[in-house]
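A.B. asks: Sharing a structure here in structure tokens format.
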Amino acid sequence: MAGRWDVDLATPTAQAEFLLDFRESFPKGEFSAAYGPHAANQVAWLAEQLTTAASAEPFVKAEIEDQLAVELELWNFFWDIAEKLKPYFAEKPHVPSSELKPPLERLKQYLAKVPFETSRSRLVAAVLYLDENLAADLALALELPLPFPWAFDRELGSIQQSRKLRGLDAAGFQGANAWEKAQKAELTGLAFSGGGIRSATFNLGVAQAAAELDALHHFDYLSTVSGGGYVGTCLDAWVKRAGRRYVEDSLSPKKSPDPESEQTTPLKFLRRYSNYLTPQVGLFSADTWTLIAIWLRNTLLNLFILIAALSAAAGNPVVGGCAGAVVGTDFGGVHLVQDQQCRRTADAA
């Protein structure tokens, strides 16, 4: 019976036929009991498509093949997982890690129910198609990247748990796929833009205003860049250490009006070290005069280049339709080059 399962599975149609034969190999009712009604419906849909394609017009058959390709687009991903698992099924199997052991045991339980023998990789790929949660657990344990829809779906699950912890409604995460769940959940995010210490100061004010309005905990995402990251990472670490409610109360100017109180210590720390360009303030401090010297140097260098270029252009006027061209500059001066044809014209004149 093994030869029946050794067909080439390079096409979606062949993969669908294999999954259909996989189901038919089980005694009546045992396939659904082993893999659940959802898996049974998946294979039933594949069987329906194959039956329709067998007697369909060419263009209808092509459409069905496209649908099968979409449905089975992750077959190669399942196959990669199966290949990675080969050492754990060898005569002298590798010892699985603590992360891999639980999903690997679940997979072995599935395989023990299969009533025929063929390539183990084929069987593993079929089982993983029927149980995507198991496939995701194995992929993570094997440090394989998840397909984006799966990663997004797991991210939505984390956000749903986060909303429960934040005391918000978490019942909106309903839908056939991650995209529908995200739309119905009405996700929100807060973005702290970049721009150095100026943006950090502005973003801190935004966080304080959101805390004062009791709106900070309603955001599902926090996105930061550059100067915004200075504030964002501070908030993230503060919430992790002290808790969300404490941080919101500390940020609110109404609930924590005393800037010298112990509750606002992180804010004082943030402000104290935001002056990273000149940590030592004061007119006669070394940091202040270093900053002034750097500014003067850069300004003078730019002015020197600009004045030299303007002077060179003014000293080399257009004669007979020819002009000198500035082709390069350095701190020693400006280099001028004239076209050879222009030189001959000027000499003749």
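A.B. asks: Roughly how many percent of the accessible protein surface of the stretch 61-147 is carbon and sulfur, given a 1.4 Å probe and a whole-percent answer? Show your work: numbers first, answer last.
C.D. replies: Numbers: 2240 of 4780 Å².
Carbon plus sulfur share of accessible area: 47 percent.
A.B. asks: Could you state the orientation-averaged shadow area of the convex hull built on the Cα atoms of the stretch 12-171, in nm² to one decimal?
C.D. replies: So the Cα hull casts an average projection of 11.9 nm².
A.B. asks: Hey, another quick one. Any lysines with Cα under 17 Å of the LYS84 Cα? List them, leaving off those in the same chain fewer than 8 positions away.
C.D. replies: LYS92, LYS101, LYS108
A.B. asks: Another question about this same structure. Send over the semi-axes of the chain's equivalent ellipsoid, whole angstrom and largest first, taken as the square roots of 5 times the C-alpha gyration tensor eigenvalues.
C.D. replies: Values: eigenvalues 775, 303, 83 Å².
Taking √(5λ) for each eigenvalue gives 62, 39, 20 Å, largest first.
A.B. asks: Quick check: the angle from helix 75-84's long axis to the longest principal axis of the chain, C-alpha only, nearest 10 degrees?
C.D. replies: Computed tilt is about 90 degrees.
A.B. asks: Just to be sure I follow the definition: excluding the sites themselves, where is the longest run in the chain that has none of the GluC sites (Glu not before Pro) in a DSSP loop with at most 10 other Cβ atoms within 10 Å?
C.D. replies: 1-90
A.B. asks: For SER193 and HIS218, compute 0.36 nm times the residue count separating them, minus their Cα-Cα distance, and round to one decimal in nm. Intermediate values should be presented prior to the final figure.
C.D. replies: Values: separation 25, 0.36 × 25 = 9.00 nm, distance 1.91 nm.
Full extension from SER193 to HIS218 adds 7.1 nm.
A.B. asks: Could you report the stretch 166-302's accessible area per residue, 1.4 Å probe, as an integer in Å²?
C.D. replies: On the way: 8750 Å² over 137 residues.
Per residue, the stretch 166-302 has an accessible area of 64 Å².
A.B. asks: What are the equivalent ellipsoid semi-axes of the stretch 79-200, built from the alpha-carbon gyration tensor (square roots of five times its eigenvalues), in whole angstrom, biggest first? Present the calculation step by step, with values, prior to reporting the outcome.
C.D. replies: On the way: eigenvalues 285, 69, 33 Å².
Sorted largest first and rounded, they come to 38, 19, 13 Å.
A.B. asks: Now a separate question. Percent relative contact order of the chain, based on C-alpha pairs within less than 8 angstrom and at least six residues apart?
C.D. replies: Values: 306 pairs, mean separation 29.7, N = 349.
For the chain, the relative contact order is 9 percent.
A.B. asks: Right, something else. Would you check the accessible area of ASP258, probe 1.4 Å, heavy atoms only, in square angstrom rounded to 10?
C.D. replies: 80
A.B. asks: Using Cα atoms only, what is the angle between the long axis of helix 227-242 and the major principal axis of the chain, expressed in degrees (0 to 90) to the nearest 10?
C.D. replies: 50
A.B. asks: Which of HIS94, LEU216, GLY243 sits farthest toward the positive end of the charge dipole of the chain, with +1 on the Cβ of Lys and Arg and -1 on the Cβ of Asp and Glu?
C.D. replies: GLY243
A.B. asks: Grab the Cα-Cα distance for SER158 and ARG245, subtract it from 0.36 nm times how many residues apart they are, and report the gain in nm with one decimal. Walk me through the numbers on the way to the answer.
C.D. replies: On the way: separation 87, 0.36 × 87 = 31.32 nm, distance 1.96 nm.
The span from SER158 to ARG245 would gain 29.4 nm if fully extended.
A.B. asks: How far is the Cα center of the stretch 93-164 from the Cα center of the stretch 280-307, in Å?
C.D. replies: After rounding, the separation between the Cα centres reads 60 Å.
A.B. asks: Normalised by the residues of the stretch 117-188, what does the relative contact order come to in percent, with Cα pairs under 8 Å and at least six apart? Mind showing how you got there, number by number?
C.D. replies: On the way: 37 pairs, mean separation 12.8, N = 72.
The normalised contact order for the stretch 117-188 reaches 18 percent.
A.B. asks: Another question, if that's okay. Would you look at the GNM of the chain, springs on alpha carbons closer than 10 Å, and say which of LEU190, LEU283, LEU72 moves the most?
C.D. replies: Residue with maximal mean-square fluctuation among LEU190, LEU283, LEU72: LEU283.
The values are calculated or read from the model by the stated rules, or taken from the named source; none is laboratory data. This is a predicted model, so every value here is computed, not measured. Don't worry about glycine lacking a Cβ; one is built from the backbone with ideal geometry, like all the others, and counts go over all protein chains shown. Quick note on the areas: whole protein, heavy atoms, side chains included, nothing else; ligands and nucleic acids left out. Shrake-Rupley method; radii C 1.70, N 1.55, O 1.52, S 1.80 Å.
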